[in-house]
Amino acid sequence: QVQLVESGGGLVQAGDSLRLSCAASGRTYAMGWFRQAPGKEREFVGDITRALGITSYAGSLKGRFTVSRDSAKNTMYLQMNSLKPEDTAVYYCAAKMGAITSYEYWGQGTQVTVSS
């Protein structure tokens, strides 16, 4: 069982930057970020493998959002730049234990609100 705790959400203005953190209670194969805006389905943002730091992103976010990790601390980060009002959502951290498994562990979510 892995517990995930997100932090770093808040209210910012359009064009600002924000960094989210997710601390895991143990080792994982990969960790990822997802988000859910009001009235919309949860969507994939990006993820990273623990060992090699291989990243993948939702196409629309690549270039503005960067996922990184500190393996020694079992912590993942999401650097969000040039934020837009449409980035407003609850951001969730997730973890999985294998390359072909689904994300099975989830954090409680952290709210990011971008004002125009």
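Based on Cα atoms of the chain, Rg over Rh with Rh as the Kirkwood radius reads 0.95. Taking amide hydrogens as placed 1.01 Å from N in the peptide plane, the amide H of ALA58 sits under 5 Å from those of GLY46, each at least 5 positions away in sequence or on another chain. Residue-wise HN-Hα couplings along the stretch 106-114, as the Karplus relation 6.51 cos²θ - 1.76 cosθ + 1.60 with θ = phi - 60° gives them from phi, are 10, x, 7, x, 9, 7, 10, 10, 10 Hz; Gly and Pro carry x. When the chain is described by a simple charge dipole with +1 on each Lys and Arg Cβ and -1 on each Asp and Glu Cβ, the residue from PRO38, CYS93, VAL67 located farthest towards its positive end is VAL67. Relative contact order, whole percent, for the chain stands at 36, derived from Cα pairs under 8 Å and 6 or more residues apart. Stokes-Einstein diffusion of the stretch 1-58 at 20 °C, 1.002 mPa s viscosity, Kirkwood radius from Cα pairs, rounded to a whole number: 162 µm²/s. Express the Stokes-Einstein translational diffusion coefficient of the stretch 63-102 in µm² s⁻¹, to the nearest whole number, given a Kirkwood radius over alpha-carbon pairs, 37 °C and a viscosity of 0.692 mPa s. Calculated translational D: 265 µm²/s.
Give me the tail of P(r) for the stretch 45-112 as a percent: Cα-Cα pairs with distance above 14 Å. So the pairs more than 14 Å apart make up 63 percent of the total in the stretch 45-112. When only the Cβ of Lys, Arg, Asp and Glu is charged (+1, +1, -1, -1), the dipole of the chain relative to its Cα centre reaches about 220 debye. Summing Lys and Arg as +1 and Asp and Glu as -1 over all other residues whose Cβ lies under 9 Å from the Cβ of TYR77 gives a net charge of +1. Note on LYS96: aspartates and glutamates with a C-alpha under 15 Å away, same-chain residues under 8 apart excluded, are ASP47, GLU104. Computed over the Cα atoms of the stretch 24-84, the ratio of the radius of gyration to the Kirkwood radius (Rg/Rh) comes to 0.99.
For the pair GLU43 and THR113, label points projected 7 Å from Cα toward Cβ lie 2.1 nm apart. With the simple spin-label model, which puts each label point 7 Å out from Cα in the Cβ direction, the SER25 to SER60 separation comes to 3.4 nm.
FYI, it's all coordinate maths here, none of it is from the lab. Just so it is clear, the structure is predicted and the values come from calculations on it, not from any experiment. All Cβ positions, even for glycine, are placed from backbone atoms using ideal geometry, and neighbour counts span all protein chains on display.
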